[in-house]
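Asks: The following block contains the structure, expressed as structure tokens.
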Amino acid sequence: MPSAPYDAIVFGAGAAGLMCAAVAGQRGRRVLLVDHADEAGKKILISGGGRCNFTNIHTAPDRYLSANPHFAKSALGRYTAADFLGLVERHGIRWHEKTLGQLFCDGSARQIVAMLLGECEMGRVELALASAVGEVGHDGSGFTVALPGRSVTAPRLVIATGGPSIPKMGATGFAYDLARQFGLKVVEPRPALVPLTLGGEEALFRTLSGVAADVVASAGKARFREAALFTHRGLSGPAILQVSSYWRAREPIAIDFVPDAAAHWLVEAKRTQPRTTLRRALAATLPDRLAEALAERLAVTGELANAPDRRLDEAARQLSAWRFTPNGSEGYAKAEVTAGGISTADLSSQTLEARRVPGLHAIGEAVDVTGWLGGYNFQWAWASGWAAAQAL
């Protein structure tokens, strides 16, 4: 026989699930928070180099990818970065701002997990860790969930198990399987915020492994100015991770290696420093190894004085939009998040509730809403978890 029913069962004790359970519990709901892992918040613990980039002060809906670019507006507008920062400060967690509005703990990501667990305790949330979920049923009035040694029921069920990125942390596609079971559409998932790999002639750039530079990277209309890093497999660094979310297989990306240079800067360098070489001109702003590799590939040899202006302008244009065609990515193993997921067309933007399955909610990374690098995905987790909790 099922146990006495809960008001809500939340699958997934990650960022979104912990937030949702805590808020609902403090609203007087009897909540069961279930996770197959033996510890809550495992992905939180490894985030931000162990210091958790817990939000971004520049959070706005246009910094999220989704088939419906308006979907995230409601939740993000009702629970803001300032709201979460207020929670952090009430728990006495010291923090600092890094570049581009990113907020980190001064201490450890464990402080954020401890804070969320403390909030769950205040809400009398019951945790069921190391609990594999068996059959999930729905009879029209509520949900029945088979857990090890017992069966539990609730009128509301929240999917907060994320996507398959970082499988070594136990991540799976469980959210999508459950969504499909209940007739919800799933936008094709793919690795996002992930290093890209190079093959063919472009593999020659692997000799630059470990070299980084400040660039503007582009994929389609998306442009990001941050560091790019050459690796033994291809390209990484913040700028590349950002554009990877927009990149599609067999499409090129472009890198501007001289983002501060004027259009005819090499011709001007020829006028002012006729005896310099392209390699030396590039080394003024780029690492030596990268300057040498680019100069070799452009085949502008000798002093600039000996090169025609037209050839120098052509080289300048290529340096400002150097095209790479990645042959893939490093996949879910290295992806910070998963793009795609449970279709927003099947969910209410106000409550994150399934339109055709009353009582079923989906939040966080499980949903087709993916933020930029830099705390945006955590803010979506907090906001979507908070929004769903208001309806439980």
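Asks: Take the residues of the range 25-68 that are part of a strand (DSSP E or B) and in contact with a Gly (Cβ under 7 Å, 6 or more places away or on another chain): which is nearest to Val369 (Cα to Cα)? Full working, then the answer.
Replies: From the range 25-68, those part of a strand (DSSP E or B) are 31-34, 53-56, 64-65; that's our starting set.
Narrowing further to those that are in contact with a Gly (Cβ under 7 Å, 6 or more places away or on another chain): 31, 33, 53-56, 64.
On the way: Val31: 25, Leu33: 23, Asn53: 18, Phe54: 17, Thr55: 16, Asn56: 16, Tyr64: 6 Å.
Selected residue: Tyr64.
Asks: With the requirement that a residue be open to solvent by 10 Å² or more (accessible area, probe 1.4 Å) and either farther than 20 Å from Pro164 by Cα or among the aliphatic types (A, V, I, L, M) (or both), what does the range 358-380 give you?
Replies: Hits for the range 358-380 are Pro358, Leu373.
Asks: Let me ask you something else. Just one of Ser165, Ser151 is open to solvent by less than 40 Å² (accessible area, probe 1.4 Å), in contact (Cβ under 8 Å) with a residue 40 or more places away in the chain and not in a strand (DSSP E or B); which is it?
Replies: After applying the criteria, what remains is Ser165.
Asks: Got at least one residue in the range 236-247 being free of Cβ contacts under 8 Å to residues at least 24 places away in the same chain and either aliphatic (A, V, I, L, M) or surrounded by fewer than 17 Cβ atoms within 10 Å (Cβ to Cβ) (or both)?
Replies: Keep residues of the range 236-247 that are free of Cβ contacts under 8 Å to residues at least 24 places away in the same chain, which gives none.
No, the range 236-247 has no match at all.
Asks: Within 19 Å of Asn377 (Cβ to Cβ), in contact (Cβ under 8 Å) with a residue 12 or more places away in the chain, in contact with a helix residue (DSSP H, G or I) (Cβ under 7 Å, 6 or more places away or on another chain) and in a loop (DSSP other than H, G, I, E, B): is that true of Ala13 in this structure? I'd like the intermediate steps shown before the answer.
Replies: Details: within 19 Å of Asn377 (Cβ to Cβ): yes; in contact (Cβ under 8 Å) with a residue 12 or more places away in the chain: yes; in contact with a helix residue (DSSP H, G or I) (Cβ under 7 Å, 6 or more places away or on another chain): no; in a loop (DSSP other than H, G, I, E, B): yes.
So Ala13 does not fit the description; no.
Asks: Residues in the range 180-200 that are modelled with pLDDT under 95 and outside any helix (DSSP H, G or I): how many? Even if it seems obvious, please write down each step before you answer.
Replies: Initially, the range 180-200 is screened for residues modelled with pLDDT under 95, giving 199-200.
Restricting the remaining residues to those that are outside any helix (DSSP H, G or I) gives 199.
Of the residues in that region, 1 qualify.
Asks: In addition: Could you tell me which numbered condition Ile93 fails, if it satisfies all but one of (1) touching a strand residue (DSSP E or B) at 6+ places or on another chain (Cβ under 7 Å); (2) open to solvent by less than 20 Å² (accessible area, probe 1.4 Å); (3) closer than 25 Å to Ile342 by Cα; (4) not charged (D, E, K, R)?
Replies: With respect to (1) touching a strand residue (DSSP E or B) at 6+ places or on another chain (Cβ under 7 Å); (2) open to solvent by less than 20 Å² (accessible area, probe 1.4 Å); (3) closer than 25 Å to Ile342 by Cα; (4) not charged (D, E, K, R), Ile93 is out only on (3).
Asks: Another question, if that's okay. Of the residues that sit in the range 284-307 and are part of a loop (DSSP other than H, G, I, E, B) and under 29 Å from Thr231 (Cβ atoms), which one is modelled with the lowest pLDDT?
Replies: Only one residue fits best here, namely Thr301.
Asks: State yes or no: is Glu268 modelled with pLDDT of 95 or more, among the acidic types (Asp, Glu), assigned to a helix (DSSP H, G or I) and open to solvent by 20 Å² or more (accessible area, probe 1.4 Å)? Lay out the reasoning, then the answer.
Replies: Working: modelled with pLDDT of 95 or more: yes; among the acidic types (Asp, Glu): yes; assigned to a helix (DSSP H, G or I): yes; open to solvent by 20 Å² or more (accessible area, probe 1.4 Å): yes.
Taking the combined requirement at face value, the residue satisfies it.
Asks: While we're on this one: For Ala281, work out the one condition from (1) closer than 30 Å to Val10 by Cα; (2) open to solvent by less than 50 Å² (accessible area, probe 1.4 Å) it doesn't fulfil.
Replies: (1)
Asks: Let me ask something additional. I'd like to check something: does the range 221-230 contain any residue that is of a type outside the set (Phe, Trp, Tyr), touching a Pro at 6+ places or on another chain (Cβ under 6 Å) and in a loop (DSSP other than H, G, I, E, B)?
Replies: no
Asks: Using beta carbons and a limit of 8 Å, which pairs, at least six apart or on different chains, have the first residue in the range 378-392 and touching a residue at least 24 places away in the same chain (Cβ under 8 Å) and within 19 Å of Ala60 (Cα to Cα) and the second one open to solvent by less than 10 Å² (accessible area, probe 1.4 Å) and of a type in the set (S, T, N, Q)?
Replies: Close Cβ pairs (under 8 Å, with a partner that is open to solvent by less than 10 Å² (accessible area, probe 1.4 Å) and of a type in the set (S, T, N, Q)) amount to Phe378/Thr55; Gln379/Thr55; Gln379/Asn56; Trp382/Thr55.
Asks: Is it true that some residue in the range 46-54 is more than 23 Å from Lys168 (Cβ to Cβ) and either open to solvent by 10 Å² or more (accessible area, probe 1.4 Å) or in contact (Cβ under 8 Å) with a residue 40 or more places away in the chain (or both)? Can you show your working first?
Replies: If we filter the range 46-54 for residues that are more than 23 Å from Lys168 (Cβ to Cβ), which is where we start, we get none.
Taking every residue of the range 46-54 in turn, none turns out to be more than 23 Å from Lys168 (Cβ to Cβ) and either open to solvent by 10 Å² or more (accessible area, probe 1.4 Å) or in contact (Cβ under 8 Å) with a residue 40 or more places away in the chain (or both).
Asks: Also, I was wondering about something else. Output the residue which, of all residues in the range 109-148 that are among the charged types (D, E, K, R) and in contact with a helix residue (DSSP H, G or I) (Cβ under 6 Å, 6 or more places away or on another chain), is least open to solvent (accessible area, probe 1.4 Å). Don't jump to the end; show me each part of the working.
Replies: So in the range 109-148, the residues among the charged types (D, E, K, R) come out as 110, 119, 121, 124, 126, 135, 139.
Now narrow it down to the ones that are in contact with a helix residue (DSSP H, G or I) (Cβ under 6 Å, 6 or more places away or on another chain): 119, 124.
Working: Glu119: 27, Arg124: 207 Å².
Here the residue is Glu119.
Asks: Shifting gears a bit: Condition check: closer than 18 Å to Ala67 by Cβ and under 18 Å from the mean Cα position of the chain (by Cα). Does Ala192 satisfy that?
Replies: yes
Asks: For Ala4, work out the one condition from (1) at pLDDT 95 or above; (2) surrounded by fewer than 23 Cβ atoms within 10 Å (Cβ to Cβ) it doesn't fulfil.
Replies: (1)
Here is a yes/no grid of residues against (1) touching a Lys or Arg at 6+ places or on another chain (Cβ under 7 Å); (2) farther than 18 Å from Val267 by Cβ:
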{"position": "Glu314", "(1), (2)": "no, no"}
{"position": "Leu319", "(1), (2)": "no, no"}
{"position": "Ser348", "(1), (2)": "yes, yes"}
{"position": "Thr351", "(1), (2)": "no, yes"}
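Asks: Show me the helices (runs of 4 or more DSSP H) entirely contained within the range 69-131 in which 3 or more residues are over 20 Å from the mean Cα position of the chain (by Cα). Spell out how you get there, then give the answer.
Replies: Details: elements: 73-78, 81-90, 110-122.
Because the criterion is at least 3 residues that are over 20 Å from the mean Cα position of the chain (by Cα), the helices (runs of 4 or more DSSP H) in the range 69-131 that meet it are 81-90, 110-122.
The values are calculated or read from the model by the stated rules, or taken from the named source; none is laboratory data. Here the structure is a predicted model, which means the values were calculated and not measured. Ideal geometry is used to build each Cβ from the backbone, glycine not excepted, and the neighbour counts take in all protein chains shown. Side chains included, ligands, DNA and RNA excluded: accessible areas come from the protein's heavy atoms. Shrake-Rupley method; radii C 1.70, N 1.55, O 1.52, S 1.80 Å.
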